[in-house]
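Working notes, beginning with the structure itself.
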2 protein chains.
Amino acid sequence: MSSWPSGGSSPIELVSLSIAASLMAGVMVYWLNAKLAAAPRGNDLMNKLSDQIASGARAFLKTEYYYLSFFVAAFFLFILILFTVDPPTPVATRLDGLRMGSCFLAGAGLSALAGWGGMAVATDCNVRTTQAADKDGRSTALRGAGTGGAVMGFTVVGLGLFGLSIMFYLMTLNRMGSTQNEDLTYALDSLAGFGFGASSIALFARVAGGIYTKAADVGADLVGKVEMDIPEDDPRNPAVIADNVGDNVGDVAGMGADLFESFVGSIIATATLANGDTTLIMLPFFVAGAGIIAAIAGYFAVGCKDGASQHDLLFALHKGTIVSGILVLAFTAIIISQTFKADTVISTNELLGIAPRSLGWRLFGCIVIGLFAGILIGQATEYFTSYTFWPTRSITEAGVTGPATVIIQGIGIGMISTVPPVIILVATILGCNALGKGYGIALSAVGMLSTLGVTLATDAYGPIADNAGGLAEMAELDERVRETTDALDALGNTTAATGKGFAIGSAVLTSLSLLTAFKVKAGVATVDITDPVVLAAALFGAMLPFLFAALTMLSVQKAAGCIIIEVRRQFAQIEGLREGTAEADSDKCVAISTQSSIEEMILPGIYAVMAPFIIGILIGPKALVGMLGGAIASGMMLAIMMSNAGGAWDNSKKYIEIEGAVGGKGTETHKACVVGDTVGDPFKDTSGPALNILIKLMSMISLVIAPIIEGVEDWENWYYGLIPIAITIIGSVYVYKMFWANTVDITAPVDGAKESA
Amino acid sequence: MSSWPSGGSSPIELVSLSIAASLMAGVMVYWLNAKLAAAPRGNDLMNKLSDQIASGARAFLKTEYYYLSFFVAAFFLFILILFTVDPPTPVATRLDGLRMGSCFLAGAGLSALAGWGGMAVATDCNVRTTQAADKDGRSTALRGAGTGGAVMGFTVVGLGLFGLSIMFYLMTLNRMGSTQNEDLTYALDSLAGFGFGASSIALFARVAGGIYTKAADVGADLVGKVEMDIPEDDPRNPAVIADNVGDNVGDVAGMGADLFESFVGSIIATATLANGDTTLIMLPFFVAGAGIIAAIAGYFAVGCKDGASQHDLLFALHKGTIVSGILVLAFTAIIISQTFKADTVISTNELLGIAPRSLGWRLFGCIVIGLFAGILIGQATEYFTSYTFWPTRSITEAGVTGPATVIIQGIGIGMISTVPPVIILVATILGCNALGKGYGIALSAVGMLSTLGVTLATDAYGPIADNAGGLAEMAELDERVRETTDALDALGNTTAATGKGFAIGSAVLTSLSLLTAFKVKAGVATVDITDPVVLAAALFGAMLPFLFAALTMLSVQKAAGCIIIEVRRQFAQIEGLREGTAEADSDKCVAISTQSSIEEMILPGIYAVMAPFIIGILIGPKALVGMLGGAIASGMMLAIMMSNAGGAWDNSKKYIEIEGAVGGKGTETHKACVVGDTVGDPFKDTSGPALNILIKLMSMISLVIAPIIEGVEDWENWYYGLIPIAITIIGSVYVYKMFWANTVDITAPVDGAKESA
């Protein structure tokens, strides 16, 4: 294969393979969409409800993107000016600002597009899944929801790799007087902007979506189920459409943006750590490309017969993951054997002295370790959150003595569940470090995420099945339909556990790699952990995830309060609503959820974005490394604890509802477990997942500003640090005055004058 | 003052001042005890109940110390052999093992003694306080409880400084061929053993005491209040004596051992960082001595009139703290002006080039900063946990929508409450680093704890007042008596907040100083935070507090389960118990609480003690520094979050009960807040405070083993690391087989055959 692009190839040849793979993903998305469009929609009521959900989700995303456009514009200008005035590359053409800025725009734009695409297909797919569950049975319904998930998966990886490859190529153009190797290195500098764009959108999408989905959920449940005593997903409840919209904007669009960011982040971190060596720079692109093709093959391996048992269904989904995992390793082995030849010159210092062929197989080892680590963390997550095992069952049993013991047991289980992922990641880091140093560690994250197309498909299919169930309930279809969708939904909980393993594992590995990349770029020789400035910054960093989790949880409470008041108002004022003779004003609830979740995303967003600026500029790069280290360590623990405790609470309740444990539904024990489930909602769907993005975003921002604070001594330019501090304070005061000062009072009486609906 | 002991003095002269101060504390304890003995005890029933509590507490401590004696003996032998075979000092006399071992014994023994003394006086003082509240009124009762607290406070600081000074002097004896400066340095090496002994006892005492108190509390409440519908502290409840015993062994003995450890730990860390300079080694001893005298003066400043309002009472207590704070600064200023003269030679590298007099005042600055930081953290704690302020009130209001929102709001408040302490500590670290480098940071912790005698008195008085209230209830005294003790108890909650500020602040500063001291002693030049081995170890370290908190919380659940079954059994089998005609078998409950809390302390204890051995020996000193850094950062956040969330939940309930907020007692909102309070119990009284000791203990152990792993490269002696790993695994399996396999089933039916009581 003399044409294999390697050391001597031109930039366009280098990215040709990854572009080809991403185009294949595009074809796949087109084909899947066509397949989906051919599937029948439901009856009029179902279609109407589905359209309501779709329009609510579109309205939310439009509002969100509207607000984010200001953020993106501001940071585009900031980057443009900063890097034009103070260009980081020595062969500056005064285009550095434009380069970095356009990468930022591309990253933000594509991330937003991935979220939009996922949302669009999910809201269209839900009704078709319900219809399939009604008319054709479990297997067709699984295929329907699975197709929707796959569109999402391939959209994310396709857009991610395509955008990254194209921007990388464009960034190598029009340099003057630099060698090709230098071109590639400088191009990577700008690519950090792509990651920044992607992760900032991901953060806001996850936070706003997470607040939306849980505020609507809690609000709908507390008034509907508790106060009005009407069942879940009852169309009389004005917040029920908002609740279903929430599933789409939180679990689908939010997760899409999140994993888009992970996928491109891991590639950027690895390529940056290649220290300018062409072969090593291109390897993550090739692996990601191979992963897309393997995932496509994996998709076609999924499938099962009608009337399949739960076990068969799970096996069907697992088959896809296994096939693509094996294939990606086979493809990678070919890539390694073609790019690491006996005469390949590896020019990076860190890996000097290792024979190229041997290095190739060592790096292959890192990819294998990464892939297995992701699977193992997923297994551990499943152990702690599935009611097949002791931990979740112990929570259910704790319910016998009331809600307090459910909470204590759940938090205990969540905390102890940090142990296996930490041990797996520690082993991964130590193993990959032994094989391929820092570069090897970064590459293991690429390996972990390589089959993202198919793992994300099995992950995103869960919320689609959930929504399909909601539609069945609202449209008052046969009980049997709900049972089918419930089975699919339960399956989704298990596959989601695997997905979380990949999300958390890759977030930590990528952040650690970005941290190392930052240190190299900022020209810091060593960052001594016992240096008091570094230690102080590490404490500050360790505090940030706690602050972030607190703000997001308190926001859910506040936003839910707004919904509660509105739902109560409608029940009090709209005549005939409770009796089912009048229609609820769902749009109002959607509008309130949208408004309050977007208001609430601002403050955590400001703190996440500004923290690296404050510490990096006020003190210096060494302190920033300390801050990132502290944030990654405490953020990882908190993310795992919150996600797993939430998942375990959810399933401890399901154990009672599905298996009839400890007396079954309606008992005091069941009520106690419902309390756990409600506490778990913001844990697992708002704060927990957002923490993953927080640590990646802060690491990515640090990499972006690395050239600016390169070689700066502690406190050297502290006065510039006053600018981000001022922005943070002004932002906090503004948010406080605008939104927090008028806290809702859910204890206030409701005006009961009935209006004619 | 030509006789002021400084650079040229002999070791006995050097410690003479601190020994004199600690003897003054001894005289004070003697006098206070005599005063207490003169106060009248109560009626026969009160005395009987008080004796029951005292004998229960003695039984627990005896059992605990019995088990700990094996641990102490094992580690004494281990230290003896290890340091005899491989003596760390170059002028070895083959006595290094004996020196270190005897320091370890002294530290462990004195810590145990401090706990015992505190427990003895508290269990004697409770009945006298009840009596005073009955016969003499609020002021006398306050003085009674305060005297008990003061005995505790002065016992801790007196024993601590005395033991440390004497052992320090003894360790300087019988060296051969070393200079006096070398003698002092080697003596400090052995003194790390003293800290190890103190902190291991503290850990076990805090964990076992914390599990005991909360298991008895939860067990008594769940069966008594919920199932049997009898009031709190009702003598018919068989677990009520155990509950009161718990307050003494957990909140008094546990806290005594905890702060004993903080006090000596901060002195050891500072002296070790003096790098062999006599003036700097002695400064923390002098400051601690000055603090004792200032605290004695502060004690005499406390006092108020009868019929004093809550506000007056609080002011009375604050007066003591303020007077002693001002005095300790005045004394320290005199010490500084006498020891740092123009011709004083400061020989440590870190602080070279600063004129001695200027250095003296800089270090004075560190002490001032430390003292204020402690007070500020206490203020922040009060803000987040007192129902006078927004955070706790917001939890109460969240109760309107049920227990789930109470939990979410409480955890959110707990998490956000990490922000102020972190900012205060970051400022302290940066400020003291600028003034006096690592030594200055360590010294700020000594300053923070210097007035411990009086702060601990106001802290320990709370549980005594609580117990006095319990006695009033059990002995069915007038409602008025309970009101008086409740007022004292509420006051105790506020002063406890201040105490927590000192505990957490000093724990973090001391641990960070021990970390630095370890690095110096282990001969590690720099520990780069981006070194993958260090990073991996930091993740492992950050996980440990989560594991530790999880184990302690799950243990409370399990131990409470044992109590629940026993209480149910007694109500079912003892005829006439419910009706009040037969007596409950309280001793059985005390025995069960004792047994299960001691069983449950083993596993967290093993992990805490073994973790530094595993990482330090398996990998090496650099990884150990990383592990400690991760553990301190995440442990601090978790400790603050758990303590403050617990305190806020407690007071959100009290806000309803005392102030009648949101509808008052007995409403659904009140019930929701009771759930929060129950969740908060293990948060604030078991896991939270134990985390402080965890990080100090691990740092202290590292300092002890520093000479063994000095200069070891990563993985150089990994095979030795298999030994601690094997011990950990064997210990886990043993504990699992012995105690965990026979998990109690609280859902099992109770055998109802009545026995004649």
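For the reader, a short list of remarks on this structure follows.
- 3J(HN,Hα) from dihedral phi, the range B:634-643, Karplus parametrisation 6.51/-1.76/1.60, rounded to Hz, x for glycine, proline: 6, x, 4, 4, 5, 4, 5, 4, 5, 4
- Ascending distances from the B:W361 label point to its copies in the other chains, with the point 7 Å along the Cα-to-beta-carbon line: 7.0 nm.
- Three-way shape label, the range B:255-379, alpha-carbon gyration tensor, a/c 1.5: prolate
- A simple rule links phi to the HN-Hα coupling: the Karplus curve 6.51 cos²θ - 1.76 cosθ + 1.60 with θ = phi - 60°, which for the range B:226-237 gives 7, 7, 9, 6, 10, x, 5, 6, 7, x, 5, 6 Hz, with x for Gly and Pro.
- For A:G436, neighbours were defined as the other residues whose beta-carbon sits under 12 Å from its Cβ, and their charges (Lys and Arg +1, Asp and Glu -1) total +1.
- Near A:L36, once Lys and Arg are set to +1 and Asp and Glu to -1 for all other residues with Cβ below 15 Å from its Cβ, the sum equals +2.
- Helix A:668-682 and the longest principal axis of the Cα set of chain A meet at an angle near 40°.
- Between 0 and 90°, nearest 10: helix B:11-38 axis offset from chain B longest Cα axis: 10 degrees
- C-alpha long axis of helix A:403-416 to longest principal axis of chain A, angle in °: 20 degrees
- Residue among B:L113, B:L32, B:T89 farthest towards the positive dipole end of chain B, charges placed on Cβ: B:T89
- C-alpha center-to-center spacing [the range A:635-653, the range B:599-614] in angstrom: 25 Å
- Inter-copy separations for B:E657, label at 7 Å along Cα-Cβ, nm, ascending: 3.5
- Each residue in A:Y212, A:Y67 was given a count of other beta-carbon atoms within 10 angstrom of its own, and listing them fewest first yields A:Y67, A:Y212.
- Backbone amide hydrogens, once placed in the peptide plane, bring A:I574 within less than 5 Å of A:E755, excluding anything fewer than 5 places away on its chain.
- Residue-averaged beta-carbon neighbours from other chains (10 angstrom radius) around A:545-552: 6
- Each peptide in B:397-404, B:381-388, B:664-671 receives the mean, over its residues, of other Cβ atoms within 10 Å, and ordering these scores from highest gives B:397-404, B:381-388, B:664-671.
- Backbone HN-Hα couplings from phi across the range A:69-84 [Karplus 6.51/-1.76/1.60, Hz, Gly and Pro as x]: 4, 5, 4, 5, 4, 4, 6, 4, 4, 4, 5, 4, 5, 4, 7, 7
- In whole angstrom, the protein assembly as shown maps to an equivalent ellipsoid with semi-axes of 52, 42, 28, each derived as √(5λ) from the alpha carbon gyration tensor and ordered largest first.
- Placing +1 on the Cβ of every Lys and Arg and -1 on the Cβ of every Asp and Glu, with nothing else charged, gives the range A:11-740 a dipole about its Cα centre of roughly 1300 debye.
- Once C-alpha pairs closer than 8 Å and six or more residues apart are averaged by separation and normalised to the residue number of chain A, the relative contact order reads 19 percent.
- For the range A:11-740: rounded, prolate or oblate by the Cα gyration tensor [a/c cutoff 1.5]: prolate
- Exam field: A:D312 pseudo-label spacings to other copies (7 Å along Cα-Cβ), nanometres: 8.3
- Per-residue mean of foreign Cβ neighbours for A:633-646 is 4 (Cβ atoms of other chains, 10 Å radius).
- Exposure proxy for A:I725, A:I563: other Cβ atoms within 10 Å of each Cβ, ordered fewest to most, give A:I725, A:I563.
- Other protein chain C-beta atoms within 10 Å of residue C-beta, averaged over B:393-405: 6.
- Filter on A:K62/A:K319; B:K558/B:K622; B:K48/B:K558; A:K653/B:K654; A:K437/B:K500; A:K48/A:K684 - keep pairs with C-alpha separation over 32 Å: A:K62/A:K319; B:K558/B:K622; A:K437/B:K500
- A convex hull fitted around the alpha carbon atoms of the range B:360-516 yields 136 Å³ per residue.
- Take A:579-591, B:537-549 and order them by the average number of nearby Cβ atoms within 10 Å per residue, most first; the result is B:537-549, A:579-591.
- The range B:373-443 shape via C-alpha gyration tensor axes, a/c threshold 1.5: prolate
Bear in mind that the values in this text are calculations on the coordinates, not laboratory data. What you are looking at is a predicted structure, and each value in this text was computed from that prediction instead of being measured. Virtual Cβ from ideal backbone geometry, glycine too; neighbours counted across all protein chains shown.
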